[in-house]
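*Asks:* Starting off with a structure, shown below.
The values are calculated or read from the model by the stated rules, or taken from the named source; none is laboratory data. If you're wondering where the values come from, they're calculated on a predicted model, not measured in any experiment. Glycine gets a Cβ as well: all are built from the backbone with ideal geometry, and neighbour counts include every protein chain shown.
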Amino acid sequence: MKNIALSSTHEALGAKMVPFAGYNMPVQYEGVNIEHETVRKAVGVFDVSHMGEFLIEGPHALELIQKVSSNDATKLTIGKAQYSYLPNDDGGVVDDLLIYKIKEETYLLVVNASNIEKDWNWISSKNDVGAQMKDLSEDYSLLAIQGPKAVEAMQSLTSHNLSEIKFYNFIVGDFAGIENVIISATGYTGSGGFEIYCKNSEVKQVWDKVFEAGKNFGIKPIGLAARDTLRLEMGYCLYGNDIDDTTSPFEAGLGWVTKFTKEFTNSKALEAEKAHGVENKLVAFKLDERGVPRQGYDIVDGQGKTIGRVTSGTMSPSLGIGIGMGYVPKVFADIDSKIHIQIRKNAVPATVIKLPFYKG
């Protein structure tokens with residue numbers, strides 16, 4: 001089990017630590033609902049330093065990225081980030097990721113913690129163009145400062161105007177007394193804020209100054225459990241739950257980041273799949289009665305026949321109802337379609353809805 005740089009800090013704060021993706025991670029501090037509400041209404045800080053960071057550099061960096069990723073990275077300018085995924089050769093998804101254009105021939109790829117080794121090996125296997133690759137995952141920390149008060153609470157820590165950094169844009173600048181920090185207007189919560197990339201040796205100073213700056217804004221540390229409820233309320237996919245090596249990106253609703261303006265891994269087959277149409281779709285649903293849908297529960301039709309399974313589910317802290325996502329045949333995928341979730345002996349009625357669940 002690997003430790004992140006601030007493990008002892010989280011333990012001192014009373015965090016419940018759990019193994020997650022090979023790392024010892026803080027899952028909660030005060031409790032999921034309190035932490036969730038802090039992010040929705042004020043500002044909270046997640047330590048997500050388990051995430052992976054790869055630097056792709058040199059004259060062939062873009063060529064490699066274009067080859068392995070589904071989105072069109074030629075659209076990136078310096079200071080912009082892009083959501084994308086790595087298709088495999090069999091119609092599934094190696095991982096979803098963020099791609100940052102740092103300089104003209106320098107890109108940062110941010111990948112899921114559980115897939116660091118797999119992604120590195122996959123991208124390396126496709127690198128016949130001579131792009132320079134560096135795995136920075138063990139040297140860098142990542143703090144997500146999320147919530148509607150994030151801009152106001154953090155402004156004193158930088159000379160840059162945080163309110164001017166648009167969504168999916170970033171700057172490299174001073175933050176919390178450290179130079180060359182990536183301040184990125186991205187996040188996994190739907191409540192705004194920033195993600196801060198810095199070296200492991202710098203993260204304790206950043207953490208301390210962030211909490212000092214945020215103390216009048218109700219800032220709190222937030223664990224991975226609340227991160228999961230927050231992302232689910234927005235309908236953001238979680239790799240390993242909602243997408244994996246066997247998932248069709250079109251069934252998963254990732255067509256919007258699949259650009260056939262270029263050739264990339266398995267693009268011909270994916271283009272044919274798009275033209276042909278998919279049989280199943282990832283849908284969002286809310287329970288019509290009390291209950292909590294959980295990953296792995298069966299989705300059934302009105303006659304009790306299994307038609308799919310829940311990939312992510314929870315009791316929504318913001319809405320007070322059971323919500324979830326899962327794959328069903330296309331005939332059940334229209335908005336307002338009626339399905340049932342098998343919770344123990346009960347087939348609990350549910351309605352397919354349009355995302356996001358939470359509209360702040």
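*Asks:* Could you look through region 268-320, keep only residues that are crowded, with 17+ Cβ neighbours inside 10 Å and among the polar types (S, T, N, Q), and pick out the one that is nearest to Ser337 (Cα to Cα)?
*Replies:* Asn280
*Asks:* Just to be sure I understand, how many residues within region 48-67 are part of a helix (DSSP H, G or I) and among the hydrophobic types (A, V, I, L, M, F, W, C)?
*Replies:* Total meeting the criteria: 4.
*Asks:* Can you name the residue in region 228-254 that is over 17 Å from the mean Cα position of the chain (by Cα) and not β-branched (Val, Ile, Thr) and, of all such residues, is surrounded by the most Cβ atoms within 10 Å (Cβ to Cβ)?
*Replies:* Checking each candidate, the answer is Ser248.
*Asks:* Then there's this: Within region 8-22, which residues are more than 15 Å from Glu35 (Cα to Cα) and in contact with an Asp or Glu (Cβ under 7 Å, 6 or more places away or on another chain)?
*Replies:* Let us first name the residues in region 8-22 that are more than 15 Å from Glu35 (Cα to Cα), namely 8-9, 11-12, 17-22.
Within region 8-22, just Met17 meets the criteria.
*Asks:* Met51 fails exactly one of the following numbered conditions: (1) closer than 22 Å to Lys204 by Cβ; (2) without any contact (Cβ under 8 Å) to a residue 12 or more places away in the chain. What is the number of that condition?
*Replies:* (2)
*Asks:* Of the residues that sit in region 347-359 and are surrounded by 13 or more Cβ atoms within 10 Å (Cβ to Cβ) and not β-branched (Val, Ile, Thr), which one is nearest to Ile34 (Cα to Cα)?
*Replies:* Tyr358
*Asks:* Is there any pair linking a residue in region 167-189 that is at negative phi and in the same structural domain as Trp207 (by TED's automatic domain parsing) to one that is assigned to a strand (DSSP E or B) and surrounded by fewer than 18 Cβ atoms within 10 Å (Cβ to Cβ), with Cβ under 6 Å and at least six apart or on different chains, and which?
*Replies:* Partner pairs satisfying both residue conditions: Asn169/Lys80; Val172/Asn180; Ala185/Asn169.
*Asks:* Here is a follow-up. Can you give me the ranges of the helices (runs of 4 or more DSSP H) entirely in region 196-315 with at least 1 residues that are among the aromatic types (Phe, Trp, Tyr) and either without any contact (Cβ under 8 Å) to a residue 40 or more places away in the chain or out of contact with any Leu (no Cβ under 8 Å at 6 or more places or on another chain) (or both)? Give the derivation first.
*Replies:* Numbers: elements: 203-214, 224-234, 267-276.
Helices (runs of 4 or more DSSP H) meeting the threshold: 203-214.
*Asks:* Could you list, in sequence order, the residues of region 321-346 that are surrounded by 14 or more Cβ atoms within 10 Å (Cβ to Cβ), of a type outside the set (Gly, Ala, Ser) and assigned to a loop (DSSP other than H, G, I, E, B)?
*Replies:* Ile321
*Asks:* Go through region 87-129 and give me each residue that's touching a residue at least 12 places away in the same chain (Cβ under 8 Å), of a type in the set (S, T, N, Q), surrounded by fewer than 19 Cβ atoms within 10 Å (Cβ to Cβ) and closer than 19 Å to Phe264 by Cβ.
*Replies:* Listed by number, the residues that qualify are Asn88, Asn127.
*Asks:* Filter region 210-227 down to the residues that are surrounded by fewer than 18 Cβ atoms within 10 Å (Cβ to Cβ) and on the phi < 0 side of the Ramachandran plot and list them by number.
*Replies:* Phe211, Glu212, Lys215, Asn216, Phe217 - these are the residues of region 210-227 that are surrounded by fewer than 18 Cβ atoms within 10 Å (Cβ to Cβ) and on the phi < 0 side of the Ramachandran plot.
*Asks:* Filter region 125-180 for residues that are among the hydrophobic types (A, V, I, L, M, F, W, C), assigned to a loop (DSSP other than H, G, I, E, B) and within 22 Å of Gly52 (Cβ to Cβ) and give the result.
*Replies:* If the condition is that a residue be among the hydrophobic types (A, V, I, L, M, F, W, C), assigned to a loop (DSSP other than H, G, I, E, B) and within 22 Å of Gly52 (Cβ to Cβ), then Val129, Ala131, Leu136 are the ones that fit.
*Asks:* Among the numbered conditions (1) at pLDDT 95 or above; (2) crowded, with 16+ Cβ neighbours inside 10 Å, tell me where Glu11 comes up short.
*Replies:* Exception for Glu11: condition (2).
*Asks:* A follow-up question, please. Among the residues of region 7-24 satisfying the criterion of being under 21 Å from the mean Cα position of the chain (by Cα) and in a loop (DSSP other than H, G, I, E, B), which is farthest from Ala113 (Cα to Cα)?
*Replies:* So the residue we want is Gly22.
*Asks:* Which condition breaks for Ser84 when tested against (1) small (Gly, Ala, Ser); (2) in a strand (DSSP E or B); (3) surrounded by fewer than 22 Cβ atoms within 10 Å (Cβ to Cβ)?
*Replies:* (3)
*Asks:* Look through Leu62, Leu6 and report the one residue that is over 29 Å from Trp207 (Cβ atoms), buried (at least 18 other Cβ atoms within 10 Å of the Cβ), outside the structural domain of Gly320 (by TED's automatic domain parsing) and modelled with pLDDT of 95 or more.
*Replies:* Unique residue meeting the criteria: Leu62.
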